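Step one of this worksheet: look at the structure below.
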């Protein structure tokens, strides 16, 4: 590169040939634009690409990162020869923890372990308040049935409101436990280390080191994570991250994931939730790789980040953040689900009377008055009630809607 730059003669005299060669190997856009005006650009670029390929083959890394490592290696060597550390700070806790948390061998394994521990604790610990909430909801339903006469109001309270509120609140403890671990890692300073650990891997997959923090933010809210991508300097990396973030499992999907894992994988719910989230991460990485290869081919600038010292999280800060998350969850999800549940209840309850339904009600009343054997009476009433509810659903507005769209669903294979 140095020899090729000599052909420009007096044009490049005011610039150091070594400086120009390094900046070209680092793919500096401004220097490329300036050299392009000097002529013979294609030949110089061919020599540059050959030199970059040589660097990548020898060092197994891109040229930008290689030059950055050399600079920091020179700085580290200069400091080792000239700087004498205060003996009082030799046993710095942050450095001792970083020696393990950011090591090549243990760093990634520790991060996966912390993720697994977070998801496992979400189910194991969250199972206790879930049981309490279920018992409380059952008590509320029984209270309504004992104090209200059978009719639309009692049915609305039990099947429309209490069930929907219970379905919202029952997931709240597990959501809060999940946020507790995320906030704990953020306030402690470990979340920033994960970006440092994942930088080289993310760079090979077409993402920026900062992208990993934004992908983790996507677990909380995809919209906020997409908005935060403006902190990434490189436009290509910013666009790729924006397209990859929606593949992360945001908090709006977590209740559904929790429901699926608890229903189908009760014994391994925490592990399966981790698998679902890792599947989203894998999909995001694969898409980022494709975007980098076909849509955004410009290379990234090296990722330089200052790691803050570790700090012990305060109980007050974590409680305030958890309260805000709980309030946001109940307000945004709860209001929509409650209104939707009431609408579904109305469509499923009305019309509540017809000739067939009235005949079934009379038959149930007759059995209650005439049947003397208690077990036989209970069995017949149970069967007739189930049949009556089935006919009620078929006769209701939502049943008619379902019957109307059933041909379409059959075409789709349902």
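From (1) surrounded by 11 or more Cβ atoms within 10 Å (Cβ to Cβ); (2) over 22 Å from residue 154 (Cα atoms); (3) without any contact (Cβ under 8 Å) to a residue 40 or more places away in the chain, pick out the condition that doesn't hold for residue 411. All conditions pass for residue 411, except number (1). Only residues that are without any contact (Cβ under 8 Å) to a residue 24 or more places away in the chain and either part of a helix (DSSP H, G or I) or touching a helix residue (DSSP H, G or I) at 6+ places or on another chain (Cβ under 7 Å) (or both) were counted in the range 371-392, giving 15.
Output the number of residues of the range 117-133 satisfying the condition of being at pLDDT below 85, within 16 Å of residue 169 (Cα to Cα) and not in a loop (DSSP other than H, G, I, E, B). Total satisfying the criteria: 5. The set of residues from the range 146-160 being touching a helix residue (DSSP H, G or I) at 6+ places or on another chain (Cβ under 7 Å) and part of a helix (DSSP H, G or I) comprises 152, 154, 155, 156, 157, 158, 159, 160.
Within the set 126, 167, the sole residue that is surrounded by 16 or more Cβ atoms within 10 Å (Cβ to Cβ), more than 27 Å from residue 309 (Cβ to Cβ) and in contact (Cβ under 8 Å) with a residue 60 or more places away in the chain turns out to be 167. The residue of the range 1-30 that is modelled with the lowest pLDDT, among those that are loosely packed, with under 15 Cβ neighbours inside 10 Å and assigned to a loop (DSSP other than H, G, I, E, B), is 13.
The values are calculated or read from the model by the stated rules, or taken from the named source; none is laboratory data. Bear in mind the structure is a predicted one, so any value in this text is a computation, not a measurement. Glycine also receives a Cβ, built like all others from the backbone with ideal geometry; neighbour counts cover every protein chain displayed.
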